[in-house]
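Read the structure below first, then the notes.
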């Protein structure tokens, strides 16, 4: 892949999601990623479903374009190979439990003496410091402890997780930001640095309205279904055949919506005059809006509202989301290749850069240890 | 703020969430951010609740440490001021609807001729290209169209949004990655570039397991409450007083859990022998686990499981999440200052870098046009 990070070498000691997601972004940006996997088992996620011809589609979706070599970092022979790769690396990324790499002699403090230009990024559940640093964490745990689950779901429903592993993914994104900023920094200072990102911290950093509400007003927000806590109308409404999302985020848009639905009396209604009033009286307003919406199908409503530039949309399932012509036009479904499965489709890279082509074909998906010979030859 | 991006100037033409979130990260990384706001109204989010002394805590939580000047980019006098700032800028970030800045003479194609080193980042709902590019989009719309809402919620529940504006936030994160990668690229090539990130694309990029499942197996995943689609047991379980999240993501952890709960017969049970089997028979397994958990409170269970390093945790509300000693130890709640309100608490920066101090105090929150005189003097 051509990209801003071409000619950079990433030593990838990551497994499962947070780390592999980060190094996938680095690969999409043009870096060469050598994935060091545990012998025999490899990345744990090779055992996570869904499976296609016994291969994990989960693993495949996160590791395209990476090279794989199996090394046991407790074994002296393998350590030598690892150190040869490390000696030429620009970036090391790992998501072991804090302390693991130190135990094997590859903690930041040891490594940076020998390789002061190396950027060393650690993503972990709780971070490298603090009272909980040694506890194991997975996405579900940080979604729960980070507060996001307390504001996601229907009012009074059973606990609801975000339907994607947002605890891993946001930490992977923050780690990727840190690494890129450190690359720029290295150009100025000539030095690498240690980057420490925790999944739990990352959850706090994305709480947005909910944390602003608590820190400023001591209010403890609750799940509100599809409703936005500070903007109204801004939620899903029932139509004849399904639902429509309407996001009329300001007075002008609200007026347009009321005209379109023939409820102009709402514009001057004391309950709905301002966004704050609408937030307070949203139950009343919802009833009025749904009484109108229920006579037509979602598609028809959307056609009409799109003409008027009222922000709205359907709730797509994954198939519909992927088949959206906009997603195709944006090259957001790309192709990769797997020895056993053949061509395989994956989500693309949302960072579109004018200086580099956004290729539709990505590098192959590696089998465990697939690139051993090539790597050994190169780093001998 | 000291940081890798110190000495860099960001011209910030962003409003509401996706753009301001991105430029807040740049500010946290040390860049100087000059926010150009519309005269009189300013950033729309200055009118979003929650409010403290008539000031928007929503705005405050996203704009600490930025300077503000009010400029009308359709007015000739103001354009001159803007161009003086632009002439010294390293980065421009904007999240207008595609075409808006072009109309005013500041599209990428115009600007890059004059300032070839400028990095110009546009975050938008649907992107700068494709059939939907001109449609307005807000977080709710892309959460719906991106497929995330179709996998979030209880089975058969009303539509459920992620309780934070994940459509905006992830696009802000991808934009920040792009900008930092472009800064590194500029060191090599001497040239800036255009970065085009869409909120909808970003939703596709975070679908993880759900999109892998559809693209590989044609399965259309559905909401599963708190359950993970590919790992089991990995969800919230009822206890005597509330819920506990258990994330026993592999066979070894499952065995440990069974021993702890005195249900060792499950380890060799044909329904639960492997992760795939557990995923298929999770309803049965959940009943067995909850029968045991129901006799004690969440806190007691967590104490026991933490000792055994079984990944688990409570579901914290926002207050509990913020008050977690780990969050304090990680400096994830920082302080800022607002002229009218005084000291104000905010979420911190999850990117911890060894070369720079993670300050507990951030720059002030700007009033609309607060830095006019200072900026005019400097850029005259």
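The values are calculated or read from the model by the stated rules, or taken from the named source; none is laboratory data. Predicted model only: the values in this text are computed from it and were never measured. In this analysis, Cβ positions are derived from the backbone assuming ideal geometry, glycine residues included, and neighbour counts consider all displayed protein chains.
Those residues that are more than 19 Å from residue B:183 (Cα to Cα) and in contact with a strand residue (DSSP E or B) (Cβ under 9 Å, 6 or more places away or on another chain), I need them from the stretch B:86-106; list them, please.
Kept after step one, since they are more than 19 Å from residue B:183 (Cα to Cα), are these residues of the stretch B:86-106: B:95-106.
B:95, B:96, B:97, B:98, B:100, B:101, B:106 - these are the residues of the stretch B:86-106 that are more than 19 Å from residue B:183 (Cα to Cα) and in contact with a strand residue (DSSP E or B) (Cβ under 9 Å, 6 or more places away or on another chain).
Which one is nearest to the other protein chains (Cβ to nearest Cβ) among residues in the stretch A:1-39 that are part of a helix (DSSP H, G or I) and over 23 Å from residue A:354 (Cβ atoms)? Before the answer, list the steps.
Step one: filter the stretch A:1-39 for residues part of a helix (DSSP H, G or I), giving A:18-28.
Cutting the leftovers down to over 23 Å from residue A:354 (Cβ atoms) gives us A:18-23.
Working: A:18: 11, A:19: 14, A:20: 11, A:21: 8, A:22: 10, A:23: 13 Å.
Applying the filter and picking the extreme gives A:21.
Considering only the stretch A:105-115, state which residues are part of a loop (DSSP other than H, G, I, E, B) and surrounded by 16 or more Cβ atoms within 10 Å (Cβ to Cβ). If the condition is that a residue be part of a loop (DSSP other than H, G, I, E, B) and surrounded by 16 or more Cβ atoms within 10 Å (Cβ to Cβ), then A:106, A:107, A:115 are the ones that fit. Restricting attention to the stretch A:234-250, does a residue exist that is touching a helix residue (DSSP H, G or I) at 6+ places or on another chain (Cβ under 8 Å), modelled with pLDDT of 95 or more, part of a helix (DSSP H, G or I) and under 20 Å from residue B:138 (Cα atoms)? No - not one qualifying residue is present in the stretch A:234-250.
Of the residues making up the stretch B:177-208, those that are more than 28 Å from residue B:134 (Cα to Cα) and either more than 7 Å from chain A (Cβ to nearest Cβ) or surrounded by fewer than 24 Cβ atoms within 10 Å (Cβ to Cβ) (or both) number 7.
Among the candidates A:285, A:293, the residue that is modelled with pLDDT of 95 or more, surrounded by 15 or more Cβ atoms within 10 Å (Cβ to Cβ) and more than 25 Å from residue B:147 (Cβ to Cβ) is uniquely A:285. Within the stretch B:125-147, which residues are more than 19 Å from residue A:299 (Cβ to Cβ) and facing another protein chain (nearest Cβ under 7 Å)? Across the stretch B:125-147, the qualifying residues are B:127, B:129, B:130, B:138.
Considering only residues of the stretch B:6-30 that are over 18 Å from residue B:195 (Cα atoms) and in contact (Cβ under 8 Å) with a residue 40 or more places away in the chain, which is farthest from the chain's Cα centre (by Cα)? Before the answer, list the steps.
Step one: filter the stretch B:6-30 for residues over 18 Å from residue B:195 (Cα atoms), giving B:6-7, B:16, B:27-30.
Then keep just the ones that are in contact (Cβ under 8 Å) with a residue 40 or more places away in the chain; that gives B:16, B:27-30.
Numbers: B:16: 13, B:27: 15, B:28: 14, B:29: 16, B:30: 19 Å.
Only one residue fits best here, namely B:30.
If you check B:68, B:122, B:150, B:61, which single one turns out to be within 12 Å of another protein chain (Cβ to nearest Cβ) and either under 30 Å from residue B:345 (Cβ atoms) or surrounded by fewer than 24 Cβ atoms within 10 Å (Cβ to Cβ) (or both)? After ruling out the rest, the residue left standing is B:61.
You will find that of B:93, B:18, the residue that is touching a helix residue (DSSP H, G or I) at 6+ places or on another chain (Cβ under 7 Å), in the same structural domain as residue B:336 (by TED's automatic domain parsing) and closer than 30 Å to residue A:218 by Cβ is B:18 and no other.
Of the candidates B:303, B:319, B:339, B:335, the single residue that is in the same structural domain as residue B:362 (by TED's automatic domain parsing) and modelled with pLDDT of 95 or more is B:335. For first residues located in the stretch B:274-292 and within 14 Å of another protein chain (Cβ to nearest Cβ) and free of Cβ contacts under 8 Å to residues at least 24 places away in the same chain, partners that are buried (at least 16 other Cβ atoms within 10 Å of the Cβ) and assigned to a helix (DSSP H, G or I) and lie 6+ apart or on another chain with Cβ distances below 9 Å form the pairs B:274/A:47; B:276/A:47.
Which of the residues that make up the stretch B:364-380 are within 24 Å of residue B:3 (Cβ to Cβ) and in a helix (DSSP H, G or I)? Please lay out each step first, then the result.
If we filter the stretch B:364-380 for residues that are within 24 Å of residue B:3 (Cβ to Cβ), which is where we start, we get B:364-366, B:370-371, B:374-375, B:378-379.
Once the filter is applied, which keeps residues that are within 24 Å of residue B:3 (Cβ to Cβ) and in a helix (DSSP H, G or I), the stretch B:364-380 yields B:374, B:375, B:378.
Considered as a group, the residues in the stretch A:307-348 that are assigned to a strand (DSSP E or B) and under 29 Å from residue A:250 (Cα atoms) include one that is nearest to the other protein chains (Cβ to nearest Cβ), and that residue is A:313. Select from the stretch A:339-349 the residues that are more than 18 Å from the chain's Cα centre (by Cα) and surrounded by 20 or more Cβ atoms within 10 Å (Cβ to Cβ) and list them in ascending order. The one that is more than 18 Å from the chain's Cα centre (by Cα) and surrounded by 20 or more Cβ atoms within 10 Å (Cβ to Cβ): A:344.
The condition of being modelled with pLDDT of 95 or more, more than 14 Å from every other protein chain (Cβ to nearest Cβ) and under 22 Å from residue B:123 (Cβ atoms) holds for only one of B:42, B:99, B:105, that being B:105. Restricting the stretch A:209-218 to residues that are free of Cβ contacts under 8 Å to residues at least 12 places away in the same chain and within 7 Å of chain B (Cβ to nearest Cβ), the residue that is surrounded by the fewest Cβ atoms within 10 Å (Cβ to Cβ) is A:217.
Annotation: residue A:166 fulfils all but one of (1) more than 7 Å from every other protein chain (Cβ to nearest Cβ); (2) within 18 Å of residue B:151 (Cα to Cα); the unmet one is (1). Please indicate, with yes or no, whether at least one residue in the stretch B:62-76 is assigned to a helix (DSSP H, G or I) and under 30 Å from residue A:210 (Cβ atoms). So far as the stretch B:62-76 goes, yes, one or more of its residues are assigned to a helix (DSSP H, G or I) and under 30 Å from residue A:210 (Cβ atoms).
Hey, could you check the stretch A:47-58 for residues that are crowded, with 19+ Cβ neighbours inside 10 Å and more than 8 Å from chain B (Cβ to nearest Cβ) and say which is farthest from residue A:168 (Cα to Cα)? Here the answer is A:55. Can you find, within the stretch B:349-363, the residue that is farthest from the other protein chains (Cβ to nearest Cβ) among those that are farther than 22 Å from residue A:148 by Cα and assigned to a strand (DSSP E or B)? Residue satisfying both the conditions and the ranking: B:361. Could you check the stretch B:225-249 and list, in sequence order, the residues that are more than 7 Å from chain A (Cβ to nearest Cβ) and more than 16 Å from residue A:167 (Cβ to Cβ)? Within the stretch B:225-249, B:232, B:233, B:237, B:238, B:239, B:240, B:241, B:242, B:244, B:248 qualify.
Out of A:265, A:259, I need the residue that is more than 7 Å from chain B (Cβ to nearest Cβ), out of contact with any helix residue (DSSP H, G or I) (no Cβ under 9 Å at 6 or more places or on another chain) and more than 26 Å from residue B:333 (Cβ to Cβ). Which one? Reasoning before the result, please.
On the way: A:265 fails: out of contact with any helix residue (DSSP H, G or I) (no Cβ under 9 Å at 6 or more places or on another chain).
Just one listed residue meets the conditions, A:259.
The set of residues from the stretch B:1-28 being within 16 Å of residue B:89 (Cβ to Cβ) and crowded, with 20+ Cβ neighbours inside 10 Å comprises B:5, B:8, B:10, B:11, B:12, B:13, B:14, B:19, B:22, B:23, B:26, B:27.
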